[in-house]
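Chemist: This is the structure I want to talk about, given as structure tokens.
Where a number appears in this text, it was derived from the coordinates with a stated rule and is not lab data. Given the structure is predicted, the values throughout are model-derived calculations rather than measurements. No Cβ is skipped: glycine too gets one built from the backbone with ideal geometry, and neighbour counts run over all protein chains shown.
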Amino acid sequence: MQRLPDKGYLCIFPGQPLMNNTIPLSCKLNIVQQQREHLEETLRAFAAACNLIWTYGIEHQTSQQWVLHQGCYKTIRRMYGIPASLAIRAIARVAIDLRLRKAGTFPYAPGFIAFDSRSFMLHQQDWSVGLTLLHGREKFHLDIAGRQQKLLEEYAPASAVLVTRYRSFYLEFTLAGKAAQVGQPVRQTGLLTAPAAVLKR
């Protein structure tokens, strides 16, 4: 098994077909202690929201996103204080997981947050991102170099997934073909096993 590198990298994952020129890209965030605390608080709230949604779906025998939204949206916002955009992403994520019933999905650990265009913004002028957290919008600088900058400049993603690895924080992007919209971010956590190819920066 191969540990993931600390800095931003471009990686082609085994078993992950590159359809329509899709490229997975991971970029490390540069953070200070207060930002770490805010990220960890938001991760815990997002995971708690996902667990509540999953339980509701199982109890009501449904994986329909609209039904989950009607039953859980106000509750998770009130109980966990997550912003509206993150509540919507949590519901969308759990709806997919309920349909697939993947082993080991529940309970959700505080290891990822899905951001869309309402809660994520890329600033190319200083290679930073704006993320909407429990405490509001915060700015984070990306620890990236030429290859990552070129890809982000070319594809300008409007969504991302925040993940944690070895007490560091990364944004995972799925970069689609120029003519297509950026697809849903792929969840990429933990260790890589025998990667097919790793293109270092």
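Chemist: Tell me which residues come under 5 Å, amide H to amide H, from residue 175 once H is placed; ignore anything under 5 positions away on its chain.
Modeler: The answer is 23, 25.
Chemist: Packing-wise, with mean Cβ within 10 Å as the measure, how do 85-92, 24-31 rank, highest first?
Modeler: The densest-packed peptide leads the list: 85-92, 24-31.
Chemist: Tell me, what HN-Hα J-couplings in whole Hz come from the Karplus equation 6.51 cos²θ - 1.76 cosθ + 1.60 at θ = phi - 60° for each residue of the stretch 93-100, using x for Gly and Pro?
Modeler: Going residue by residue, I get 5, 5, 4, 5, 5, 5, 5, 7 Hz, with x marking Gly and Pro.
Chemist: Calculate the dipole size of the stretch 39-100 relative to its Cα centre from +1 charges on Lys and Arg beta carbons and -1 charges on Asp and Glu beta carbons; express the result in debye to the nearest 20.
Modeler: Charge dipole, the stretch 39-100, about its Cα centre: 160 debye, nearest 20.
Chemist: Taking the Cα atoms of the stretch 46-161, what is the range of coordinates along each of the three principal axes, in descending order and whole Å?
Modeler: 48, 29, 23
Chemist: Kindly write out, for the stretch 105-116 in residue order, the coupling ³J(HN,Hα) from the Karplus curve 6.51 cos²θ - 1.76 cosθ + 1.60 (θ = phi - 60°), rounded to whole Hz, with x marking Gly and Pro.
Modeler: 5, 9, x, 6, 8, x, x, 7, 9, 9, 10, 10
Chemist: Further question on the same structure: Compute the Rg to Rh ratio over the stretch 118-178 from the alpha carbon atoms, using the Kirkwood formula for Rh, and round to two decimal places.
Modeler: With Rg and the Kirkwood Rh in hand, the quotient comes to 0.95.
Chemist: While we're looking at this one, here's another question. Under 14 Å Cα-Cα from residue 150, which aspartates and glutamates qualify once same-chain neighbours fewer than 8 residues away are excluded?
Modeler: Candidates past the 8-residue exclusion: 126.
Chemist: Volume per residue, Å³, of the convex hull around the alpha-carbon atoms of the stretch 39-100?
Modeler: Roughly 68 Å³ of hull volume per residue.
Chemist: On to the next question. With an 8 Å Cα cut-off and a minimum separation of 6 or more residues, compute the relative contact order for the stretch 39-100 in percent.
Modeler: Across the stretch 39-100, relative contact order equals 45 percent.
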